[in-house]
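Note sheet for the following structure.
The values are calculated or read from the model by the stated rules, or taken from the named source; none is laboratory data. Note that this is a predicted model, so its numbers are computed, not measured. Every residue, glycine among them, receives a Cβ derived from its backbone with ideal geometry; neighbour counts consider all protein chains shown. Side chains included, ligands, DNA and RNA excluded: accessible areas come from the protein's heavy atoms. Shrake-Rupley method; radii C 1.70, N 1.55, O 1.52, S 1.80 Å.
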Amino acid sequence: MRELPVRESEEAWTPAELEEVRQELQAEVDRLTHQLDDATSSFSALVRSGGEGAGDDQVDHGATTAGREHEMTILNNARDLLEQTQRALVRMTSGAYGVCESCTGPVGKARLQAFPRVTLCVSCKSRTERR
């Protein structure tokens, strides 16, 4: 694998540092997969029980709807994070890890160690947030 890019003020990645980030990402994939499975089961149970108690009042229906929306949000968030984490592992394997997807400059070693899923350098991320 080719050497990953770093900012001028940073030292090159060591094999131990890369392995630590890879293990952290893989552990996150495992955790998110489990969370996604749990959230899917919870959501399915809510949907299955949605027709029970047809005589319930509006408050009960509102609580059921809010519960479904909450579970859907958890599902979507877990799915998005899982996709980002898997993508980071693929980028690491392909040699694209650490390269900003916008300007193609280095994302920064310290930034990646803090947030291993990021794909933009600080400057490009700031620009996208201002839009």
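Here are the numbers for this structure:
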{"quantity": "Accessible surface of the chain [probe 1.4 Å, protein heavy atoms]: carbon and sulfur percent", "calculated": "50 percent"}
{"quantity": "Reciprocal mean inverse distance between Cα atoms of the chain - Kirkwood radius, Å", "calculated": "17.3 Å"}
{"quantity": "Backbone N within segment 101-131 under 15 Å of label point (7 Å from ALA27 Cα along the Cβ vector)", "calculated": "113-117"}
{"quantity": "For THR33, solvent-accessible area (1.4 Å; no DNA, RNA or ligand), Å²", "calculated": "50 Å²"}
{"quantity": "Cut-off under 5 Å, modelled amide H: who pairs with VAL99 long-range", "calculated": "VAL107"}
{"quantity": "Accessible heavy-atom area order of SER9, SER94, highest first, probe of 1.4 Å", "calculated": "SER9, SER94"}
{"quantity": "Solvent exposure, largest accessible area first (probe 1.4 Å, DNA, RNA and ligands not counted), of LEU18, LEU32", "calculated": "LEU18, LEU32"}
{"quantity": "Estimated dipole of the chain in Debye, rounded to 20 [Cβ of Lys and Arg +1, of Asp and Glu -1, Cα centre]", "calculated": "760 debye"}
{"quantity": "For GLU129, solvent-accessible area (1.4 Å; no DNA, RNA or ligand), Å²", "calculated": "130 Å²"}
